[in-house]
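The values are calculated or read from the model by the stated rules, or taken from the named source; none is laboratory data. What you are looking at is a predicted structure, and each value in this text was computed from that prediction instead of being measured. Cβ: placed from backbone, ideal geometry, glycine included. Neighbour counts: every protein chain shown.
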Amino acid sequence: MKSFQKKLEEYADLTIKVALNIQEGQKLRISADIENADFVELVTRKAYEAGAKKVYTDFNDPIIQRITYEKAPEEGLVEISDWQVNMFEEIVDEGGAFLKVYAPDPDFLEGIDPERIALNRRAIGKALNRYKKAQTNGDISWCLLSVPTKKWAAKVFPDLGTDMQIETLWDKIFYTSRINTDDPVTSWKKHLRDLQEKANHLNDKNISVLHYKAPGTNLTIGLADDHLWKTAQFTTKKGIQFLPNLPTEEVFTMPHKDKINGIVTSTKPLNYDGNLIENFSLTFENGKVIDCRAEKGEEHLKSILDIDDGTRSLGEVALVPHDSLISNLNLIFFNTLFDENASCHIALGNALSLNIKDAEKYSQEELAEMGFNESIGHIDFMIGSSNLDIDGETRDGKSIPIFRNGGWAF
Ligand code: ZN
């Protein structure tokens, strides 16, 4: 058995060497909750050891963020200073790397007016548009991963004592990040190869439409023209391979924004910026949500749909077998990074250009014509279960089973 310290070192190594794949002379920007400073210190040391030129750190305090939502005047909520934008764009221009340690308290924005949150999100989305685009068109390497915080751990394991909560959540993170294996780097190489095989198979089949059937779900998703099935192992234009999410279990592609019809029901709660949305369903017609219901948090679901035109349609469709490392833990993490990798999911909002073959050849208008959905939001939600069947319809009209009872059918 490895000691906790050994696992922590390996997690930090995996972050720097595999997920971000830091290169000699590269800049790295880390953003994290102040509670995770210990982990950031460790990662910073590893980054310099791997050859990083400079590591910038931006700590946030969720309490200050909450106070801002409560107290700031509207003009304060929408003001994003140029120097904040420049900080991102300078690192983008130099082909740097970005690490986000993502560990939100699932309830931290409870009771805040969703309109004020949306106002702030829209302003940030607009200001950081170039940085967001750089994330998906291969200009930068980036990674989103999680480290326990007290409130998050308490939400996942309410019945354990405080110390045990953090320890148990670490244990689950190590387990799902394959740190518990003898050689995590080799385990990841094999896992990514397995996922790539699934993506290759789906690409070979030339599927144009997916049919989803499950209790509360009867959904048809047309796929974008020239779409590509991908795994979450990306490559920058300079050829640096990186993992945008740690852990990752998904194979995903681009839906056609105008060809989504039917009803879909969530199978896990969605934690949207500290607000829980539970047991919800969306009805689509010609690619747009025309009706939504939620047992809890319906107002937050509506505020997502109102972010812009694009959050009324889909930008991603992802397949994750119900029998997988994260899913088998049978836990709700209240953290989209983990929950989306435990379940088939789809995302409202922006599509990823890497899901179109040779996307750089096309103008934004041409991409839209092919089915690309543009938005400042990208909100994944979970629709997988052991009851989910998915059939694909190939371009030449054949129907092929893709998922049966929540698992791969091939
Ligand atoms: Zn996804």
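Below is a table of values for the structure above.
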{"quantity": "Matching entry among Glu41, Glu10 (being part of a helix (DSSP H, G or I), touching a helix residue (DSSP H, G or I) at 6+ places or on another chain (Cβ under 7 Å) and among the acidic types (Asp, Glu))", "calculated": "Glu10"}
{"quantity": "Pick from segment 95-120, criterion surrounded by fewer than 18 Cβ atoms within 10 Å (Cβ to Cβ) and out of contact with any helix residue (DSSP H, G or I) (no Cβ under 6 Å at 6 or more places or on another chain), ranking: nearest to Ile376 (Cα to Cα)", "calculated": "Glu115"}
{"quantity": "In segment 160-170, the residues that are in contact with a helix residue (DSSP H, G or I) (Cβ under 9 Å, 6 or more places away or on another chain) and either among the charged types (D, E, K, R) or under 16 Å from Asn271 (Cβ atoms) (or both)", "calculated": "Glu167, Leu169"}
{"quantity": "Residue count, segment 381-393 (criterion: under 19 Å from Glu316 (Cα atoms) and surrounded by fewer than 22 Cβ atoms within 10 Å (Cβ to Cβ))", "calculated": "5"}
{"quantity": "Considering residues of segment 191-238 that are of a type in the set (Val, Ile, Thr) and under 19 Å from Val264 (Cβ atoms) only, the residue surrounded by the fewest Cβ atoms within 10 Å (Cβ to Cβ)", "calculated": "Thr220"}
{"quantity": "Filtered residues of segment 44-92 (kept if part of a helix (DSSP H, G or I) and closer than 21 Å to Asp13 by Cβ)", "calculated": "Thr44, Arg45, Lys46, Ala47, Tyr48, Glu49"}
{"quantity": "Every residue from segment 371-398 that is within 16 Å of the ligand (Cβ to nearest atom) and without any contact (Cβ under 8 Å) to a residue 40 or more places away in the chain", "calculated": "none"}
{"quantity": "Any hit, segment 83-101, residues being at positive phi and modelled with pLDDT of 95 or more", "calculated": "no"}
{"quantity": "Residue match in segment 395-402 (condition: among the hydrophobic types (A, V, I, L, M, F, W, C) and either part of a loop (DSSP other than H, G, I, E, B) or surrounded by 22 or more Cβ atoms within 10 Å (Cβ to Cβ) (or both))", "calculated": "no"}
{"quantity": "Pair list, Cβ under 6 Å, 6 or more apart: segment 93-117 residue part of a loop (DSSP other than H, G, I, E, B), other residue among the polar types (S, T, N, Q)", "calculated": "Gly96/Gln26; Tyr102/Ser146; Ala103/Ser146; Ala103/Thr149; Pro106/Asn271; Leu109/Asn275"}
{"quantity": "Subset of segment 14-43 that is without any contact (Cβ under 8 Å) to a residue 40 or more places away in the chain and over 20 Å from Val92 (Cβ atoms) - its residue that is surrounded by the most Cβ atoms within 10 Å (Cβ to Cβ)", "calculated": "Leu42"}
{"quantity": "Count - residues of segment 228-245 that are of a type outside the set (Ser, Thr, Tyr), under 20 Å from Lys27 (Cβ atoms) and either in contact with an Asp or Glu (Cβ under 6 Å, 6 or more places away or on another chain) or away from the ligand (no atom under 13 Å from the Cβ) (or both)", "calculated": "6"}
{"quantity": "Residue list for segment 266-291, restricted to those being within 18 Å of Ile332 (Cβ to Cβ), without any contact (Cβ under 8 Å) to a residue 24 or more places away in the chain and of a type in the set (Asp, Glu)", "calculated": "Glu278"}
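For (1) under 18 Å from the mean Cα position of the chain (by Cα); (2) within 16 Å of the ligand (Cβ to nearest atom); (3) part of a loop (DSSP other than H, G, I, E, B), each residue gets a yes or a no:
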{"position": "Trp152", "(1), (2), (3)": "yes, no, no"}
{"position": "Lys155", "(1), (2), (3)": "no, no, no"}
{"position": "Asp182", "(1), (2), (3)": "no, no, yes"}
{"position": "Lys189", "(1), (2), (3)": "no, no, no"}
{"position": "Lys198", "(1), (2), (3)": "no, yes, no"}
{"position": "Asn218", "(1), (2), (3)": "no, no, no"}
{"position": "Glu249", "(1), (2), (3)": "yes, yes, yes"}
